[in-house]
Every structure is written in structure tokens, then in C-alpha cells.
1. Going down the list Lys148/Lys213; Lys106/Lys262; Lys146/Lys232; Lys148/Lys175; Lys110/Lys232, which pairs span over 32 Å between their C-alpha atoms?
2. Just the number, please: carbon plus sulfur as a percent of the accessible area of the stretch 5-259, 1.4 Å probe, no ligands or DNA/RNA counted.
3. Give the accessible surface of the chain per residue, rounded to a whole number of Å², with probe radius 1.4 Å and ligands, DNA and RNA excluded.
4. Could you work out [θ]222 nm for the chain from helices alone, using -39500 (n - 2.57) per DSSP H run of at least four and dividing by all its residues? Round to the nearest 500 deg cm²/dmol.
5. Where Lys and Arg each count +1 and Asp and Glu each count -1, what net charge lies around Phe204 among other residues with Cβ under 11 Å from its Cβ?
6. What ³J(HN,Hα) values, in whole Hz, does the Karplus curve 6.51 cos²θ - 1.76 cosθ + 1.60 give for the stretch 3-20 when θ = phi - 60°, with x put for Gly and Pro?
7. Around Phe64, under 13 Å between beta carbons, what's the net of Lys plus Arg minus Asp minus Glu among the other residues?
8. When ranked by the protection proxy of mean other Cβ atoms within 10 Å per residue, highest first, what sequence do the peptides 236-242, 97-103, 175-181, 145-151 form?
Amino acid sequence: MADTKVYLLDGGTLVIDGYHVFWNRGPGGEVRFPCYAVLIEHKDGRYIFDTGYDHAHVQRVLPFEKPIQTREQTIPGALATLGLKPQDIDYVINSHYHFDHCGGNKHLTKACTLCHAKELEASGNCQPFEHLGYSDLTFHPELARKQKNPLPPDPAMDIYTPRFETLKGDQEIAKGLWLFETPGHTAGHYSLMVELKGRRPMLFTADACYSKKNMDLMCISSFHLDPVASVKSLHCLKELAAKHDAELFYSHDAESFATYQKGPAYYA
Ligand SMILES: [Zn+2]
């Protein structure tokens, strides 16, 4: 039986202001940060945790985030560098449905999509201040079609009919793959822990914690549904890391990301 392998797939970068990264603390000014997907080769199948952003979507709806993404940094491009096709992915897990975490879902036409029940509900019914976060609804064509501004033609959408499986609570979804509820940034946010044979568990915070500095300062980002729950989730991640002797992998941390191994290299 093959051992689990984890590949980090570089998804390019975006820019936001420092006051958004460190809420009410800053300093202000442009912060360019990475986005990435996590591919897990597991004996039960291939999983992808988050799928990055879609460059055309960001250019169209949030051009001020100044996306930089090469062909190799798209989901199809990154998979191709590993000799894989989008159809080879069995499961997509979305930490949440902000545009920079689900933009590549539409390419994964064979995959079953796993997410928190509350997140799926929120994505189609968000608060007014969350509208840019939830602006890319291509992960859910039915919702996308109901959006006020119709989508530009996109061949990827013609063959994409996702199946959703919603979850609640902390869950071991496959042996050694754990989802932990970390709400606050959004209604139904999940972080992921992967247990591996040859190293400490990897705990992917997703947007419950953008960077090591956010954790060190116990400072949340400005994009949140519930800031108090967000702070609680930061504490929760810290406790989980200590309890499982897990290494924290942050979602949008240029400094930490520079030290991570990226595909085709992998963790095992
Ligand atoms: Zn994000």
C-alpha cells in the first residue's frame, strides 16, 4: 500500500493592503502573498485541498489585487507538471469559498467536492461586506448562473457538474486526513491536518491564519464574518499543533512559503 504524499502546488500571487493582512494593526501598504493548492496522494484517492484563484476572474472583478500567475500556476498547469490531468483528481476539499480558494474547482470535473455545510450555505447567501470574497461562484454553476452579472463564456463550465458532500464538525475523512472546524474568517471554514509516515503531521491553516506573524501576534486578517470566532480559531490551531506535534502551514505567507517544498517535490 502506497504511503501518503503531499504536494504543494504554487498558484501565483495576489496583493492586498497590510491593514487587511493584520487587522487594525498594519502597517499599511501593498503586501504580495502566495496562494497554493495542496495535492494529497492517499490510498483512497487523490485529494486537492483548495484550488487557488482564477486569473481571468481576478482581472475582471478584483484587478486591484494585481494577480501574477503563470500557466504552470493554474490547476491544470500545476497538475501537468506532475504528469496528472484534472480528471485524475477524485476529491476536492474547500477550506472555504472565497475566490482565491476555489477558482480551480471548475477544472476538476470528475471530483467529488467536500466542504462544510455552513460554508456552502453561506456562499450563496453571504453578508454584503463579503461579496468580493464570494465573487467567484464557478465552483457551483447553479449559483453562478443566478449572479447579477452573467459570466463570460468559459468552456470549462460547459462540462462541469459538481457533486457536493457537506460535512459538519471535526472529521477524519480518510485515514490520517483530518478536517478541523476553524470558523470566523467565514461561516464554515475548515483547516486540514495530514498525517504522514516519515515526518510530523502537516496542519494547513487555510485562511484561519494567513501567516506565522498573524499567529505570533494573535492578529486576525480583516476579512471575517465573526472576528471573535476568528481569534478563537487561531488559539484552536495553536493548540492542535501542540497536541499533535504538527507543523503549521500558513495560507498566504510569502516568507514561510519560500521555505516550503513545492511540487514536483513532495512531503511523505
Ligand atoms: Zn485566502
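1. Listed pairs above 32 Å: Lys148/Lys213; Lys146/Lys232; Lys148/Lys175; Lys110/Lys232.
2. Answer for the stretch 5-259 is 53 percent, counting heavy atoms of protein chains only.
3. Details: 12070 Å² over 268 residues.
For the chain, the per-residue accessible area is 45 Å².
4. On the way: 10 runs with 69 residues, N = 268.
Calculated from helices alone, the mean residue ellipticity at 222 nm is -6500 deg cm²/dmol.
5. Computed value for this residue: -3.
6. Coupling constants for the stretch 3-20: 7, 5, 10, 10, 10, 9, 9, 4, x, x, 9, 9, 10, 9, 7, x, 6, 7 Hz.
7. Surrounding charge for Phe64 is 0.
8. 97-103, 175-181, 236-242, 145-151
The values are calculated or read from the model by the stated rules, or taken from the named source; none is laboratory data. Since we're looking at a predicted model, the values are computed, not measured. FYI the Cβ positions are ideal-geometry reconstructions off the backbone, even for glycines, and counts take in every protein chain you see. For accessibility, only protein heavy atoms count, side chains too; no ligands or nucleic acids. Shrake-Rupley method; radii C 1.70, N 1.55, O 1.52, S 1.80 Å.
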